[in-house]
Every structure is written in C-alpha cells, then in structure tokens.
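Below is one structure, written out as structure tokens; comments come after it.
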C-alpha cells in the first residue's frame, strides 16, 4: 500500500474527504518526525512505538575494493510493533 492508497482507506473508514484524510496523515507524519528529531519516542498503545536508536561506529568493507573502512555512528528511526498489532498479523 502506498501513501495515496492509505489516504483513500483513511477517507473511507473515517468518512472524510480525501483532502481531509491527506491533511490528517501529513499532520501525523510531521508530528512523529518532529518528536523523533527532539529525541523523544511516540508510543501508540497496542500499535507500537516509534523511537530513535543509536547505531555504534563499526568496521565494514568497501564492496568494490574489499578494503576495510569505518562506518560512522548514526541515529536511526526505529519502529517496534505492539502486542495487539503482532497478534493481528499472525
């Protein structure tokens, strides 16, 4: 499912216009992004948690040359599914 299909589904389930559903989805995504940028997590009970994880610096290999290289530490967004979502998928 892509973003436009998700907007269509939200509009149908919430009895909204597609424009209203698109604004609601964009607002949700912007809010999650801003919260993660601030270093906080977004927890939706039963659905899951969006959080920022720190990846340590590590050694890797250049795929072209095979020579060792250092991969820098990074902050990455992560999602951990909640129990209700896990159970629904099974």
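Numerical summary
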quantity	calculated
Residues located in segment 43-59, provided they are under 23 Å from residue 84 (Cβ atoms), surrounded by 12 or more Cβ atoms within 10 Å (Cβ to Cβ) and out of contact with any helix residue (DSSP H, G or I) (no Cβ under 8 Å at 6 or more places or on another chain)	43, 44, 49
Residue ranges of strands (runs of 3 or more DSSP E) in segment 50-90 with at least 2 members closer than 24 Å to residue 39 by Cβ, at pLDDT 95 or above and outside the structural domain of residue 31 (by TED's automatic domain parsing)	74-81
Residue 28 vs. criteria modelled with pLDDT of 95 or more and not in a strand (DSSP E or B)	yes
Residue under evaluation residue 22, criteria (1) more than 12 Å from the chain's Cα centre (by Cα); (2) farther than 20 Å from residue 2 by Cβ, criterion not met	(2)
Among (1) within 17 Å of the chain's Cα centre (by Cα); (2) surrounded by 12 or more Cβ atoms within 10 Å (Cβ to Cβ); (3) in a loop (DSSP other than H, G, I, E, B), the one test that residue 39 misses	(2)
Within segment 23-38, tally of residues that are out of contact with any strand residue (DSSP E or B) (no Cβ under 7 Å at 6 or more places or on another chain) and either touching a residue at least 24 places away in the same chain (Cβ under 8 Å) or closer than 23 Å to residue 85 by Cα (or both)	9
Qualifying positions in segment 39-90 - in contact (Cβ under 8 Å) with a residue 24 or more places away in the chain and farther than 23 Å from residue 29 by Cβ	83
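The values are calculated or read from the model by the stated rules, or taken from the named source; none is laboratory data. The structure displayed is predicted, hence computed values, not measured ones. FYI the Cβ positions are ideal-geometry reconstructions off the backbone, even for glycines, and counts take in every protein chain you see.
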